[in-house]
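The next block holds one structure in the form of structure tokens; read it before the comments.
The values are calculated or read from the model by the stated rules, or taken from the named source; none is laboratory data. These numbers were taken from a predicted model, which means no experiment stands behind them. Neighbour counts run over all protein chains shown; Cβ positions are idealised from the backbone, glycine included.
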Amino acid sequence: MNKRKVFAPHTRGRTESWLKTAATTVAAVALLAACTPGDGEQGEYVEIDRDPFPSSYTPLPSGATLITGATILDGMGGMIEGGSILMEGGKVVAVGTDVSAPDGATVIDAAGRWVTPGIIDVHSHLGVYPSPGVQAHSDGNEVGDPVTADAWAEHALWPQDPGFIRAAAGGITSLQLLPGSANLVGGRSVTIKNVPGRVAQDMKFPGAPYGMKMACGENPKRVYGGGNNSPEYRPSTRMGNVAGYRQAWADAQDYQRRWDKYERDYKAGKDVLPPSRDLNLDTLAGVLRGDIRVHMHCYRADDMGQMLDVMKEFNYQIASFQHAVESYKIADKLAEDNVCSAMWADWYGFKMEAYDGIRENIPFVHKAGACAIVHSDSSSGIQRLNQEAAKALADGRKAGVDISKADAWTWLSLNPARSLGVADKTGSLEPGKDADVVLWSGDPFSVYSKADLTFVDGAVIFDRANPDNNPVMDFELGQPGEGDVK
Amino acid sequence: MRKLISIAAFAATTFAAAAFTAPLSAEDIAITGGRAFTNGGSGEVENATILVSGGKITSVTSGGAVPDGYRVIDASGKWVTAGFMASDTTLGLSEVSLSGGIVDSSAPKEKNMIGVSVTPAYNPASTFIANTRIEGVTRAMTRMTNSGDMWLGLGAVVKMTDSDAVAREKAFLVIDLDEGSATEVGGSRAVLWHKLNEKFQAAKDKMDKAADNGDDKKDAKRPSAEDVTMKAVLSGDIPVYAIVNRKADIEQLIAFQNRFGIRVILSGAGEAWMVADMLAAAGIPVVLDPSANLPSNFDLLARTSAAAGRLHAAGVKVAFIPPGTQNARLVVQNAGIAVSMGMPWDAAMDALTTNPAEIFGVSDSYGRLAAGMDADVVVWDGDPLEVMSSPDAVLIAGDDIPLVSRQTKLRDRYQDLDRSPGFDR
């Protein structure tokens with residue numbers, strides 16, 4: 001068995017020369033240790049640039065906005081009747097029943113309407129599997145190897161996906177774009193603000209940590225086991241899956257040790273060359289260092305149980321299991337190990353590992369004290385995540401789990417923000433946080449309610465009453481249906 | 001929409017688990033006190049007494065007395081409707097669709113399936129059927145979705161009972177005239193439409209020739225299933241269920257209908273709203289998924305969730321496709337989405353009941369709460385189109401269906417987590 005072939009992408013002929021070039025042009029920064037003891041000259045200290053594609057996001061212009069008289073869910077479990085929220089400078093300034101508007105503020109009477117934090121979808125393929133879903137746009141699964149941690153979703157992100165605008169109409173203010181689930185390790189995810197940009201960097205959520213997509217179960221063994229996408233014919237079983245994750249982590253440990261040793265030696269004054277750069281292991285090592293968060297597609301409880309032990313063996317944290325159709329079977333273990341479950345309200349049954357889905361999965365995870373998240377994995381579902389939460393809430397209540405609407409909203413904003421590592425910036429209506437806010441036409445747990453206004457950093461990105469003001473993506477210009485109500 | 005308060009929702013979920021495999025049959029039942037919608041979204045009857053006997057509805061009255069011997073289902077404070085219908089599914093033809101064994105709704109290598117009926121493949125024990133019916137969806141159109149060409153055979157209307165489930169077999173002939181089908185058939189829409197017209201012209205010529213020959217039986221041999229099907233279509237006995245999305249293709253379909261004088265149901269229908277007036281004039285009903293609003297390919301550029309309301313306003317009869325067969329129950333949420341995007345509530349209710357009953361040819365027995373109809377009756381704890389509402393009682397052809405499924409059994413097993421839940425039966 002040739003493990004090296006499987007787990008070291010630099011052995012692939014097609015990309016080898018490009019990777020060598022990349023390694024020699026690594027940004028050389030931070031000349032350390034101006035005076036080193038003893039033995040003569042040192043070469044330049046090489047430090048890997050951790051942010052080579054920096055965010056160029058800037059908030060859209062916004063004035064002060066005061067929304068009054070609304071039912072407010074603060075996203076932390078609180079509910080305020082007749083509440084007001086003031087946004088200014090792109091931030092939430094005040095939330096309560098007695099908030100006054102500064103001079104020049106836009107005041108919106110929201111009597112009978114509801115205000116919530118913007119919805120954060122932790123599982124989207126918008127931009128990487130955009131509409132139209134033609135073969136030329138199929139950019140989400142780099143299937144050539146079971147471990148492609150070197151593939152980054154943002155490098156495939158097409159900012160012109162019309163799905164972003166539809167999602168804004170559904171109250172989505174931030175979202176995580178992930179590679180697909182063909183691979184054991186699919187690559188890096190990126191968290192974005194749902195604001196149109198000309199390049200992907202214009203959408204990147206400033207300061208958000210990277211994520212890394214992994215996948216359990218049926219997909220990797222199906223994609224590789226037939227030999228179609230890898231000459232190794234592996235993984236072809238769940239045994240091969242777990243072997244693959246573990247070897248990848250072991251390789252990453254080795255890689256990190258080599259870089260650590262290089263740093264130690266250099267700081268000790270030795271004239272040493274840095275280890276060869278490996279973009280695959282860069283990302284995996286980033287997880288082991290705690291810089292990158294693992295989001296793992298995993299349906300079955302037993303698959304999740306194995307990954308909890310792999311996580312402990314290699315000392316990293318799984319931020320979330322994605323889809324997590326059977327989390328209800330092990331919700332206590334997930335609570336104990338502090339792993340979020342990102343779930344559908346009721347999608348199930350389309351494959352064996354989704355066969356045991358139940359409608360009470362989300363409320364049962366919540367009941368166990370574990371972190372519950374409503375996610376979409378769908379360009380259609382992302383438009384109505386509030387309805388997904390409503391269904392889960394209703395099903396939970398009917399099964400005897402007493403959850404308030406205010407608590408249920410944590411599934412849509414604060415818990416997702418926590419799992420993505422941006423809860424200090426968004427996810428709840430607290431003074432100082434980004435003004436990522438939705439004004440709903442009514443109770444957002446009703447099928448009839450819709451987002452009237454969606455704000456990102458205090459600026460309106462979707463206005464149902466003024467369709468002519470809403471963005472139209474380049475692709476839709478000059479086509480049937482341009483600018484229509486969708 | 002006014003919401004009524006749920007009173008007995010929780011109690012109902014634990015009801016009658018023991019009867020899961022043995023639904024009662026032909027019981028005399030009275031459903032009393034509810035707010036009934038007897039004709040789709042109209043025909044409202046307050047304090048309705050609905051009498052059910054022999055599997056049929058025998059009367060619907062406001063405040064009517066309950067005869068001796070009837071078991072009463074108290075629907076006070078609740079909403080009562082006909083069971084809903086999902087208008088395009090593979091229910092009973094597939095279980096786990098990916099890597100889970102045979103999928104009877106798909107025959108990717110088979111061609112020219114004009115005479116093939118899905119009925120022999122229908123499995124009423126599919127777990128999706130119980131999962132669907134306990135959510136108030138009691139009927140479905142079911143059909144094949146995949147073949148080696150454009151012909152997808154004869155679909156059926158089923159009621160979601162454990163036996164005697166096929167309400168109407170060979171109810172319509174499915175023809176896929178969409179982009180994917182053209183890719184299979186010659187790789188071009190030019191070839192696809194040519195072959196369609198040739199097939200129909202040949203069948204029509206054959207019928208005309210047989211008619212000219214009058215009673216001459218010398219040559220009479222048993223007609224093929226294809227001949228029988230084409231004759232049924234060309235004589236208007238059954239409709240063609242045509243899957244088309246692009247506006248230009250829908251215009252071709254209307255011309256095709258006129259050319260052969262047949263009945264057509266338009267399915268998919270992404271850009272149908274753009275020719276709503278033409279469809280209304282041609283009497284072509286439209287079956288669509290109102291949640292679908294993205295330009296997923298170049299046939300669907302103008303797709304919008306406002307389509308259902310626009311088509312209805314133009315006078316087109318509309319029914320709803322659910323988002324996937326395992327979630328056929330979500331056809332109800334889809335109706336709510338259509339309402340949120342401009343369709344009147346009563347029209348969306350029609351699209352779940354009376355419209356599909358008429359479109360698929362079962363309106364003599366299903367779709368309304370009226371004497372003589374099959375007793376598909378659902379008692380809801382609130383506005384049935386609301387995502388937080390659910391049924392408290394479901395009758396299908398008079399059977400009081402236990403609100404139990406494989407999913408509810410898993411739910412009950414894992415209510416409390418312990419070491420080995422498998423022992424908790």
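Values as computed for the structure displayed
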read-out: Listing of helices (runs of 4 or more DSSP H) fully contained in the stretch A:203-299 that carry 2 or more residues being aliphatic (A, V, I, L, M); value: A:238-267, A:279-288
read-out: So A:Ser378, is it more than 11 Å from B:Met388 (Cβ to Cβ), within 14 Å of chain B (Cβ to nearest Cβ), under 17 Å from the mean Cα position of the chain (by Cα) and not hydrophobic (A, V, I, L, M, F, W, C); value: yes
read-out: When residues of the stretch A:444-458 are limited to those that are more than 12 Å from every other protein chain (Cβ to nearest Cβ) and among the aliphatic types (A, V, I, L, M), the one farthest from B:Glu386 (Cα to Cα); value: A:Val456
read-out: Of all residues in the stretch A:166-190 being closer than 13 Å to A:Met203 by Cβ and hydrophobic (A, V, I, L, M, F, W, C), the one that is farthest from the other protein chains (Cβ to nearest Cβ); value: A:Val190
read-out: Cβ pairs under 6 Å, 6+ apart, first in the stretch B:220-245 and outside any loop (DSSP other than H, G, I, E, B), second of a type in the set (Ser, Thr, Tyr); value: B:Tyr241/B:Ser267; B:Ile243/B:Ser267
read-out: B:Arg139, sole failed condition from (1) in contact (Cβ under 8 Å) with a residue 12 or more places away in the chain; (2) assigned to a helix (DSSP H, G or I); (3) not polar (S, T, N, Q); value: (2)
read-out: Filter result for the condition that a residue is over 23 Å from A:Pro416 (Cα atoms), within 14 Å of chain B (Cβ to nearest Cβ) and either not in a loop (DSSP other than H, G, I, E, B) or not basic (Lys, Arg) (or both), over A:Gly133, A:Gly127; value: A:Gly133
read-out: B:Ala351 vs. criteria free of Cβ contacts under 8 Å to residues at least 40 places away in the same chain and within 27 Å of B:Arg263 (Cα to Cα); value: no
read-out: Subset of the stretch A:325-348 that is more than 14 Å from chain B (Cβ to nearest Cβ) and in a loop (DSSP other than H, G, I, E, B) - its residue that is farthest from the chain's Cα centre (by Cα); value: A:Asp337
read-out: Qualifying residue in the stretch B:356-372 (condition: of a type in the set (Ser, Thr, Tyr), within 8 Å of chain A (Cβ to nearest Cβ) and either without any contact (Cβ under 8 Å) to a residue 60 or more places away in the chain or surrounded by fewer than 23 Cβ atoms within 10 Å (Cβ to Cβ) (or both)); value: no
read-out: Filtered residues of the stretch A:349-375 (kept if facing another protein chain (nearest Cβ under 8 Å), in a loop (DSSP other than H, G, I, E, B), at negative phi and crowded, with 24+ Cβ neighbours inside 10 Å); value: A:Gly357, A:Ile358, A:Arg359, A:Glu360
read-out: Selection count where residues are over 16 Å from B:Ala48 (Cβ atoms) and either within 18 Å of the chain's Cα centre (by Cα) or not assigned by TED's automatic domain parsing to the domain that holds B:Thr58 (or both), scope the stretch B:390-406; value: 3
read-out: Criterion: in contact (Cβ under 8 Å) with a residue 40 or more places away in the chain and within 14 Å of another protein chain (Cβ to nearest Cβ) - qualifying residue of A:Ser441, A:Ser428, A:Ser413; value: A:Ser441
read-out: Residue match in the stretch A:389-408 (condition: more than 12 Å from chain B (Cβ to nearest Cβ), in a helix (DSSP H, G or I) and closer than 21 Å to A:His297 by Cα); value: no
read-out: Some residue of the stretch B:139-149 being buried (at least 20 other Cβ atoms within 10 Å of the Cβ), touching a Pro at 6+ places or on another chain (Cβ under 8 Å) and closer than 27 Å to B:Lys247 by Cα; value: yes
read-out: Residue match in the stretch B:120-127 (condition: crowded, with 21+ Cβ neighbours inside 10 Å, modelled with pLDDT of 95 or more, in contact with a strand residue (DSSP E or B) (Cβ under 8 Å, 6 or more places away or on another chain) and assigned to a loop (DSSP other than H, G, I, E, B)); value: no
read-out: The stretch A:423-449: number of residues that are within 23 Å of A:Gly63 (Cα to Cα) and among the hydrophobic types (A, V, I, L, M, F, W, C); value: 6
read-out: Strands (runs of 3 or more DSSP E) contained entirely in the stretch A:45-104, each with at least 3 residues that are surrounded by fewer than 16 Cβ atoms within 10 Å (Cβ to Cβ), touching a residue at least 12 places away in the same chain (Cβ under 8 Å) and within 23 Å of the chain's Cα centre (by Cα); value: none
read-out: Matching residues, the stretch B:194-229, being of a type in the set (Gly, Ala, Ser), more than 30 Å from the chain's Cα centre (by Cα) and at pLDDT 95 or above; value: B:Ala202
read-out: Single residue of the stretch B:349-380 satisfying the filter (assigned to a loop (DSSP other than H, G, I, E, B) and acidic (Asp, Glu)) that is nearest to B:Gly77 (Cα to Cα); value: B:Asp376
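Conditions (1) surrounded by 13 or more Cβ atoms within 10 Å (Cβ to Cβ); (2) over 26 Å from B:Asn327 (Cβ atoms), marked per residue:
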site: B:Ser188; (1), (2): no, yes
site: B:Val228; (1), (2): yes, yes
site: B:Ile238; (1), (2): yes, yes
site: B:Asn245; (1), (2): yes, no
site: B:Asn293; (1), (2): yes, no
